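Input: a single structure, listed below in structure tokens.
The values are calculated or read from the model by the stated rules, or taken from the named source; none is laboratory data. In this text the structure is predicted, and so the values were computed from the model without any measurement. Neighbour counts are summed over all protein chains in view; Cβ atoms, including those assigned to glycine, are modelled from backbone coordinates with ideal geometry. Accessible surface is based on the protein model in full, side chains and every heavy atom, while ligands, DNA and RNA are left aside. Shrake-Rupley method; radii C 1.70, N 1.55, O 1.52, S 1.80 Å.
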Amino acid sequence: MAGWVLGNISELTTAAALGGLLLLAGLILGLILARHLIRVSPPGLSTDDVMKIVTQFKTVAHGVAEDMSQYREVMDLAQKRIHDLNQDPAASDESAGQLLAQMAHANELLQQRIAEAEATLSQQSEQMAAALNEARTDTLTKLANRRAFEDEFQRRSAEFRRHGTRFLLMLIDIDRFKLLNDTYGHPAGDAVLAQLSAIRRQTVRDTDLVARFGGEEFVLLLPAGEMSHVTDSMERIRKAVAGNEFRLEDRTIQVTVSCGAAEPQERETSEALLKRSDTALYAAKKAGRNRCFFHNGTDCIQLTPEGLAAGESSPAPVVPPVPSEETFRQVCTDLRRKLEEVTRR
């Protein structure tokens, strides 16, 4: 009987210890993440709030560790007593049974403490997740903010350098946004930004990241494909904005955006890629706005110019109207590129 009791206590000890160790690991990880919150400084969470979360994690972790230490001491003592009973021929099964009941009760109490700590850990984890999400979210548009974009941009750039995984960096800028603010007021401008964010969420996929880059400028990161895919992605967003009526109290206005995009090239820095996308965006603005341009590494190419807003001027021609040697070389380059694309297909 004593041997059977000893085996049961060993099983109880192992189960409780494993649960406690797993909980401690979770608490330690949570403590690390909580300390990270202090460095992140989320906009809706004060430093005092973050410190409270850290303190709670430390308190719970310390309590669980202390409970585990005391429980282990009790179990070690119980195993010693069981061993003594096993060596004593006069020991009764009733004594061993009573000892087992006491140890089972101790195990139950520890499990209860672990359950309480797990509940606390779950609640604090939710608080941290909400705080971290807030730290990476633009408060007005509820889109990812610039910090979140920069993290994802660096990750995708690293993927491109290691594995050649292509992606498209797309900049979107609201046309004549300053005039809109001056005419209708800054609250109206904020309302347009918020409505635009809703449109963007509806026109992008789960694999795409859309973020507010700053002011009236937004940025997208999406998987790249053939030029037709790039065109479709950019034009879908542009047309969705141009075809939407923006409601401002008792009036509606039309808003358009200009888009510029580029793909990373071999040995190109992230800064250079961002600059090329910005150059394409500037070309779209210069060509009359409400247009999409793509920078191919050498030139800015206008994508399908269909669906221009009423009153907008025609886009500036990409090729100068007066033939020149430079124009001839460019035409030859474009023709060679098209032939290579056809050959690859």
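For this structure, a couple of remarks:
- Picking from residues in region 133-160 that are open to solvent by 80 Å² or more (accessible area, probe 1.4 Å) and among the polar types (S, T, N, Q), the one that is nearest to residue 209 (Cα to Cα) is 154.
- Condition met for residue 221 (of a type in the set (A, V, I, L, M, F, W, C), farther than 17 Å from residue 255 by Cβ, surrounded by 12 or more Cβ atoms within 10 Å (Cβ to Cβ) and at pLDDT 90 or above): yes
- Some residue of region 165-174 being out of contact with any Ser or Thr (no Cβ under 9 Å at 6 or more places or on another chain), part of a helix (DSSP H, G or I) and open to solvent by 20 Å² or more (accessible area, probe 1.4 Å): no
- Matching residues, region 250-275, being outside any strand (DSSP E or B) and in contact (Cβ under 8 Å) with a residue 12 or more places away in the chain: 255, 256, 263, 264, 265, 270, 273, 274
- Scope region 175-186; condition crowded, with 17+ Cβ neighbours inside 10 Å and among the acidic types (Asp, Glu); matching residues: 175
- Residue-level check: of (1) modelled with pLDDT of 95 or more; (2) touching a strand residue (DSSP E or B) at 6+ places or on another chain (Cβ under 8 Å); (3) small (Gly, Ala, Ser), residue 272 misses just (2).
- If the condition is being in contact with a strand residue (DSSP E or B) (Cβ under 8 Å, 6 or more places away or on another chain) and either surrounded by fewer than 17 Cβ atoms within 10 Å (Cβ to Cβ) or part of a strand (DSSP E or B) (or both), then region 189-218 contributes 201, 205, 207, 209, 210, 211, 212, 213, 217, 218.
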